[in-house]
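The values are calculated or read from the model by the stated rules, or taken from the named source; none is laboratory data. This structure is a prediction, so every number in the text was calculated from the model and none was measured. Counting neighbours? That spans all protein chains shown, and the Cβs are built from the backbone with ideal geometry, glycine included. For the accessible areas, the whole protein counts, side chains as well, though only heavy atoms, and no ligand, DNA or RNA atoms are used. Shrake-Rupley method; radii C 1.70, N 1.55, O 1.52, S 1.80 Å.
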Amino acid sequence: MSIRYQADNDLKRILVDATSRREPSIDFQTAQVAGLDHLSDELVLRRASEQGRILVSHDKRTMPRRLASFVAQGGNSPGVLLVIPQHASVREVVEALILIWADNRPHEWTNLVAKIPF
């Protein structure tokens, strides 16, 4: 299985667009396409999990706790990547996402929260 990404509602759209332009074969679904508008963090994590997608978010305040709760309740997440700070360089974020995707080891991100860019 290859790495696929799911943008959270709060993720800047330019990050999805720039990643897709730089590497068109990456599967990076927008929050709008996934129907994530107005959903709780728990439901967002569940949707990403059901589709086998690593969630990419800016939500450093609540998402780590929500993921821990999701996993404690028996959920299994492909992982969460937190883009911190929100004003991080688009180029650096895109490079990190492409590096993770190209490395193609989805099992290494399971139930993990990681900060990008590195």
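Laid out as a table, the results:
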{"read-out": "Surface accessible to a 1.4 Å probe, residue 101 within the full protein complex, Å²", "value": "60"}
{"read-out": "Local net charge near residue 72, Cβ-Cβ under 13 Å (Lys/Arg +1, Asp/Glu -1)", "value": "+1"}
{"read-out": "Accessible surface of the stretch 40-118, 1.4 Å probe, proportion on carbon and sulfur as whole %", "value": "51"}
{"read-out": "Heavy-atom accessible area ranking, 1.4 Å probe, most first, across 41, 103, 8", "value": "103, 41, 8"}
{"read-out": "Interchain or long-range residues, amide H under 5 Å from residue 27's placed H", "value": "5"}
{"read-out": "Accessible surface, the chain, averaged per residue in Å² (probe 1.4 Å)", "value": "53"}
{"read-out": "The chain, dipole about Cα centre (Lys/Arg Cβ +1, Asp/Glu Cβ -1), debye to the nearest 20", "value": "140"}
{"read-out": "DSSP H segments from the chain that extend 18 Å or more along their own axis, Cα-based, with Kyte-Doolittle mean of -0.5 or above", "value": "90-103"}
{"read-out": "Cα gyration tensor, the stretch 42-101 - rounded (a/c under 1.5), prolate or oblate", "value": "oblate"}
{"read-out": "Distance between modelled label sites at residue 110 and residue 62, nm, 7 Å Cα→Cβ extension", "value": "2.8"}
{"read-out": "Hydrodynamic radius by Kirkwood, which averages 1/r over all alpha carbon pairs of the chain, in angstrom", "value": "13.9"}
